[in-house]
Amino acid sequence: MVHAGQIIRDALREKGKTVTWFACEMCCTRTNAHKIFRKQNLDIDILWRASLVLNCDLFEKISEKLSAQNSVELS
């Protein structure tokens with residue numbers, strides 16, 4: 001299963017940004033940012049906002065992971 005919160009956290013690390021920066025940009029607290037990272041399933045609105053904040057297509061990253069999983073399952 002794809003873990004959307006982990007994908008956001010990985011993208012944040014790739015950008016070299018802090019959780020505090022992410023929380024500020026998302027207009028939430030650090031605690032809420034960590035809650036986002038722990039969630040496997042997220043609302044499209046949160047994914048969209050995080051994509052904009054991180055300047056990264058998180059939907060594409062999720063799609064790539066799903067495709068990779070399906071390839072393994074079909075083998």
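Rule-based calculations on the coordinates, nothing more; no lab input. Keep in mind the model is a prediction, meaning the values are calculated, not measured. Glycine gets a Cβ as well: all are built from the backbone with ideal geometry, and neighbour counts include every protein chain shown.
Some notes on this structure:
- A DSSP coil position with no more than 16 other Cβ atoms inside 10 Å describes none of the GluC sites (Glu not before Pro) in the stretch 10-68.
- Placing dummy labels 7 Å off each Cα toward the beta-carbon, the span from Arg38 to Glu14 is 2.5 nm.
- Cα-based reach from Lys15 at 18 Å (exclusive), listing aspartates and glutamates while leaving out same-chain residues under 8 positions away: Glu25, Asp57, Glu60
- Mean-square fluctuations from a GNM of the chain, with a 10 angstrom spring cutoff on Cα atoms, peak among Leu42, Leu54, Leu12 at Leu42.
- Near the amide H of Cys28, within less than 5 Å, lie no amide hydrogens of residues on another chain or at least 5 residues away, with H placed in the peptide plane.
- Radius of gyration, Dmax [the chain; alpha carbons; angstrom]: 12.7, 43
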